[in-house]
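**Q** Can you read through this structure? Questions will come right after.
The values are calculated or read from the model by the stated rules, or taken from the named source; none is laboratory data. All values derive from a computational prediction rather than experimental measurement. Quick reminder, even Gly has a Cβ in these numbers, built from the backbone with ideal geometry, and neighbours come from all protein chains shown. Quick note on the areas: whole protein, heavy atoms, side chains included, nothing else; ligands and nucleic acids left out. Shrake-Rupley method; radii C 1.70, N 1.55, O 1.52, S 1.80 Å.
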Amino acid sequence: MLAEIVAVALWTMLPAYIPNNAAVLFGGGPPIDGGRTYGGTRILGDGKTWRGTAAGTLAGIAVALGLNAVNGPVAAATGIDLPTFPLLAAVALAFGAMLGDILASLIKRRSGRARGASFPGLDQLDFVVASLLLAFLLAPAWASAVFTLPVILAIVVVTPVLHLVTNGIAYLLGLKNEPY
Ligand code: CTP
Ligand code: MG
């Protein structure tokens, strides 16, 4: 059933969705690249900080543990079999999301895009691809059981929509400089 697949996709990816928003809220301070440049442009830029990355990763892990705690009641109420997150899976999803976002900034800077410039497609899916890959790498048995082809398809379709909506809201609230 489609609704069930989308529900599982959203539930499973929540620990990967939250890190970006937590990084926006709690980020700042020294940049990861330490201000270093390569060929005249910053390696990552001031938008990727140690504090934002740590806060995002911890927030994602906390969300996964929170979902584990309410899994029973939610599954009982909805009748949907929702996955629980082993710690390694939680770490992979949360840190993978931050890593994907950092790699995207690396690609953006190398391709001459200034901090905050948009890169349609990359902006919406960087963290999904990286968190999925890291989950398959760190928790292979869990990932292959949870991320079936229909679930992956649902994630790829629903995530960009969700990303645009949450970033649009963050922009309207003045939390983010660009709506993407
Ligand atoms: N942020 C952070 N650390 C991260 C990711 C994000 O501190 N690892 C914070 C920064 O304050 C950043 C904001 O969240 O400005 C928004 O994140 P993002 O849109 O990813 O960064 P940009 O500033 O747009 O920079 P870039 O062009 O490199 O994506
Ligand atoms: Mg940005």
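**Q** Mean 1/r over all different Cα pairs, inverted: what Kirkwood radius does segment 60-141 give, in Å?
**A** Mean inverse Cα-Cα distance, inverted, gives 14.2 Å.
**Q** Next question. Along the positive direction of the dipole of segment 88-180 (beta-carbon charges: Lys, Arg +1; Asp, Glu -1; about the Cα centre), which of ALA141, PRO179, LEU106 reaches farthest?
**A** Farthest towards the positive end: LEU106.
**Q** Given a 1.4 Å probe and every protein chain left where it sits, what share in percent of the accessible area of the chain is carbon and sulfur?
**A** Within the chain, the accessible surface is 73 percent carbon and sulfur.
**Q** How are the Cα pair distances of the chain distributed, in percent, across 10 Å bins from 0?
**A** Answer for the chain: a P(r) of 10, 36, 35, 15, 3, 0 percent.
**Q** Going by alpha carbons, how many degrees (0 to 90, nearest 10) lie between the helix axis of 2-26 and the longest principal axis of the chain?
**A** 30
**Q** How far is the Cα center of segment 27-94 from the Cα center of segment 134-180, in Å?
**A** Their Cα centres are 11 Å away from one another.
**Q** Where does the chain land at 222 nm, in deg cm²/dmol rounded to the nearest 500, when only DSSP H runs of n ≥ 4 count, each adding -39500 (n - 2.57), divided by all residues?
**A** -24500 deg cm²/dmol
**Q** Right, here's the next one. Would you mind working out the accessible area per residue for segment 47-165, using a 1.4 Å probe, and quoting it in Å²?
**A** 47
**Q** Might you report the magnitude of the Cβ-based charge dipole of segment 91-158 about its Cα centre, with Lys and Arg at +1 and Asp and Glu at -1, to the nearest 20 debye?
**A** Using Cβ point charges on Lys, Arg, Asp and Glu, segment 91-158 gives about 320 debye.
**Q** Helix 50-78: angle to the longest alpha-carbon principal axis of the chain, degrees 0 to 90, nearest 10?
**A** It is inclined by approximately 20 degrees.
**Q** If you don't mind, another one. Along the charge dipole of the chain, which of ALA76, ALA170, GLY66 sits closest to the positive end, that is, farthest toward it, with unit charges on the beta carbon of Lys, Arg, Asp and Glu (+1, +1, -1, -1)?
**A** Positive-end residue among those listed: ALA170.
**Q** Mind checking the dipole of the chain: about its Cα centre, +1 per Lys or Arg Cβ, -1 per Asp or Glu Cβ, Debye to the nearest 20?
**A** It comes to approximately 680 debye.
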